[in-house]
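Please read the structure below before turning to the comments.
The values are calculated or read from the model by the stated rules, or taken from the named source; none is laboratory data. Not measured: the values here are computed from a predicted model. Note that we place each Cβ from the backbone using ideal geometry, even for glycine, and neighbour counts take in every protein chain shown.
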Amino acid sequence: MRTPSTVGFALVLSALASCVSTPDVEGVIQDTSSGVQDRAERGPWLEARSYTREELRALSVERRNELDARCRELLPAARAEDATYEDLMRASRALIFNADLRIQADVAFRFDPTDLPKPSKLIDAEDGVSSAFKAEIRSLATESRDLADRALELRPGDAAAELFSTLGIGLSLWSMGPMQAIANGATSTLPKRIKQVAEAHPAFEGASPLRLKGRFQARAPWPYKDSKGGIETLKRAVEIAPIPLNLLFLGDAHWSADGEGDEEAAIAAWQRGAEATADEETALTSPLLREICRLRIQSARQHFERLRPVR
């Protein structure tokens, strides 16, 4: 799965204005007539291939329409009082994947590839979105968390339900202003939940819990930031699942490490990420993730010509 991707990139609590209104999820997911692509048809998406920017933008719109349709299809059954575990988790997953795709697309297309800022600004790009955009993500994440929590009532300790509940909490807190986030558990509930799911299910779905923990360690504010710990945790995630998302986050952690960033290690990780095969859970966003890795490399080489090319 894609800890979504989400996921992950969006765990730092930046000093942005607090967003207090959250739209209904029905107002976020678009009514589309496009059908839902069967997972069996995703095979070609797993492998790395080249896209023009125009092709990639069109593909991201197509996949967002698919996820919107998927959410609309699954929500009625998930909201029913007699919803099964499967009903709840299918919808919870679709909502998080939808939120993650929106974030990744925004990051991939935010900057002109011919005039990129430094990698540090690219890494921080997810925080520079509008309040309206964050409200949409919060709507999707909150609904996903609520459904995963209901699934946990049916299956206590379930790996998927614990993971998606934690992802929903993380994305919801990211979408808030700092004081609102603290009031809603950013310094209490979230760190404990991340530690719990990473310890209980470290290798689950492409090492998603480890990826979430490592991203949090690498990107969280003091006193939760642990640059060395984040790198080591993300290395473990890559050993288990060398997929684009894990490698993207490992490269980011290398680049951003406090006082000891390893620029060449970062580029090496991003290079692997740009060429890596995805897993089924990250298939939808894998072309965007590879593009983000390529933009990181291009930026690093534009701004730091002293770095040796990675072969």
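Close contacts from segment 239-259, counting a first residue that is over 10 Å from Arg211 (Cβ atoms) and a second that is acidic (Asp, Glu), with Cβ to Cβ under 7 Å and a gap of 6+ residues or different chains, come to His254/Asp262; Trp255/Glu263. Within segment 123-151, the only residue that satisfies the criterion of being over 27 Å from Ala69 (Cβ atoms) and over 15 Å from the mean Cα position of the chain (by Cα) is Gly128. Close contacts from segment 190-219, counting a first residue that is more than 12 Å from Thr166 (Cα to Cα) and a second that is assigned to a helix (DSSP H, G or I) and charged (D, E, K, R), with Cβ to Cβ under 6 Å and a gap of 6+ residues or different chains, come to Glu205/Glu281; Gly206/Glu281; Leu210/Arg236. Among the residues of segment 117-139, those identified as in a helix (DSSP H, G or I) and among the hydrophobic types (A, V, I, L, M, F, W, C) are Leu122, Ile123, Ala125, Ala132, Phe133, Ala135, Ile137. If you check Lys134, Lys121 for being crowded, with 22+ Cβ neighbours inside 10 Å, of a type outside the set (A, V, I, L, M) and under 26 Å from Trp255 (Cβ atoms), only one passes: Lys134.
Elements of the type helices (runs of 4 or more DSSP H) sitting completely within segment 231-311 and holding at least 3 residues that are in contact with a His (Cβ under 9 Å, 6 or more places away or on another chain) and among the small types (Gly, Ala, Ser): these cover 263-275.
Within segment 97-114, residues that are under 15 Å from Arg138 (Cβ atoms) and in contact (Cβ under 8 Å) with a residue 60 or more places away in the chain sit with their Cβ atoms under 7 Å from residues that are of a type in the set (Phe, Trp, Tyr) and crowded, with 20+ Cβ neighbours inside 10 Å, at 6+ positions apart or across chains, in these pairs: Ile103/Phe9.
Being modelled with pLDDT of 90 or more and either outside any helix (DSSP H, G or I) or closer than 23 Å to Ala253 by Cβ (or both) narrows it down to one residue among Thr142, Thr114; which is it?
Matching residue, one of Thr142, Thr114: Thr114.
Of the residues making up segment 145-160, those that are assigned to a helix (DSSP H, G or I), touching a residue at least 60 places away in the same chain (Cβ under 8 Å) and surrounded by fewer than 24 Cβ atoms within 10 Å (Cβ to Cβ) are Arg150, Leu154, Ala160. Scan segment 248-260 and tell me whether some residue there is closer than 16 Å to Lys118 by Cβ and among the charged types (D, E, K, R). Yes, there is a match, as at least one residue in segment 248-260 is closer than 16 Å to Lys118 by Cβ and among the charged types (D, E, K, R).
In segment 169-180 there is no residue matching the filter, namely being modelled with pLDDT of 90 or more and aromatic (Phe, Trp, Tyr). In this entry, Ala183 passes the filter for residues that are over 19 Å from the mean Cα position of the chain (by Cα), modelled with pLDDT under 95, farther than 20 Å from Ser286 by Cα and surrounded by fewer than 23 Cβ atoms within 10 Å (Cβ to Cβ).
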